[in-house]
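S.K.: My questions will all concern the structure given below.
Throughout, read-outs are computed from the coordinates displayed, never taken from laboratory work. Here the structure is a predicted model, which is why all the values come from computation and not from measurement. Cβ sites come from the backbone with ideal geometry, for glycine too, and all protein chains shown count toward neighbours.
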Amino acid sequence: MTMKFQHPVQPMPNEALQWQVLPLPVGLRIAYLKESAEGLDLPLPQLHEKGFTLTFINYKGDLRIRPGQGAESVEQSASPGLGLLNMAGRPMDFLSAGPIHFAALVLFIPSPWAGLFFDGKGQFRKIEQVLEEGSNVITCRLGRRQMSLFSDVMSVLQEKDPNLLSVQNNALALLEYFLGNRHRSLLGVNPVPDIDNEEDLTLIREVESYISEYYCSDTFTVDSILKKTYTSYHRLNFLFKSIHGMTISEYIRNKRIEKSKEMIADNAKSISQIAYEIGYSSISNYILAFKKVYQITPGKYKKQMDNLV
């Protein structure tokens, strides 16, 4: 997704608008703001630490974004339901010359935490490389489910005594969505050239929809997808690697493990019950898969969640 350059607006200052910053149990920090104003000239909060800043915004009105300073500072158009990733410490301003309803959620990701995502993962390392150059910002549009998560987080944060565990779970889901499914939305930098026809894109969307519906079934297999779509494993794997940066088997595994992580956080079922319900007939295979994705066993993750309550 590429931001289009626009003529500068004349924003109104907003000294009264203040970001609220809270620590999350898992070790990250989150900032948020939800206000209506006659105009906007709002800088991104700076915590002066190495890492990344992931910002989600939604608004009604007219909004421009100004990343960087000096010669690199060029106002760019934005759209509601947008996620923006940049290097921590680099300035970014949100601007509007007229009335605006503005909501934003900022997740600070310190370097050690980011290493969990980037280390050994080529597609994520590309994100890091792009952000290190100039004032680059990586963007992605939020889907309906992600907008629901964003709204839920903002609603909880407006409460007198917000449930930070709930905020954390939804914020991490947004982070995983951004890094896992939109790693190639590089503000026009190096778009993926492999998928260039409507037939392949339609096939991928059909397979993604089929996986979303049946991936928890213990009878669900990649072969069942091949039979349904009348395509070859080699072609499907090529398409998934081009779009998602992983094989179709890895994509299905990640869907199952992500679902199990949500179920563990709900604390309503045992680990063995969860493994069976997401399609694993072997508890040992499930534990290995969970550790492969999150670098921790499901049992240890459950203990961490229990200690946070």
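S.K.: Excluding residue 231 itself, calculate the net charge of residues whose Cβ lies under 13 Å from the Cβ of residue 231, where each Lys or Arg counts +1 and each Asp or Glu counts -1.
M.R.: Details: positive: 227, 228, 235; negative: 199, 200, 206, 223.
Here the charged neighbours net out to -1.
S.K.: Right, here's the next one. Calculated FRET efficiency, residue 229 and residue 282, Cβ-Cβ r, R0 35 Å, to nearest 0.05?
M.R.: Values: r = 27 Å, r/R0 = 0.78.
E between residue 229 and residue 282, to the nearest 0.05, is 0.80.
S.K.: What is the extension gain from residue 34 to residue 202, computed as 0.36 nm multiplied by their sequence separation minus the C-alpha to C-alpha distance, in nm to one decimal?
M.R.: On the way: separation 168, 0.36 × 168 = 60.48 nm, distance 3.76 nm.
56.7 nm is the gain from fully extending residue 34 to residue 202.
S.K.: Identify the trypsin sites (Lys or Arg not before Pro) of the range 243-309 meeting these criteria: DSSP loop state and at most 14 other C-beta atoms within 10 Å of the C-beta. Don't jump to the answer; show the numbers that get you there.
M.R.: Working: sites: 253, 255, 256, 259, 261, 269, 291, 292, 300, 302, 303; in loops: 269.
For trypsin sites (Lys or Arg not before Pro) across the range 243-309 that sit outside H, G, I, E and B with at most 14 neighbouring Cβ atoms in 10 Å, the list reads 269.
S.K.: Follow-up question, since we're still on this one. Based on the alpha carbons, how large is the Rg to Rh ratio for the range 198-308 when Rh follows Kirkwood? Numbers along the way, then the final one.
M.R.: Numbers: Rg = 15.3 Å, Rh = 14.9 Å.
Taking Rg over the Kirkwood Rh, I get 1.03.
S.K.: Between residue 303 and residue 74, take the C-beta separation as r, use R0 = 45 Å, and let me know the FRET efficiency to the nearest 0.05. Each step should come with its number before you reach the end.
M.R.: On the way: r = 48 Å, r/R0 = 1.07.
E(calc), rounded to 0.05, equals 0.40.
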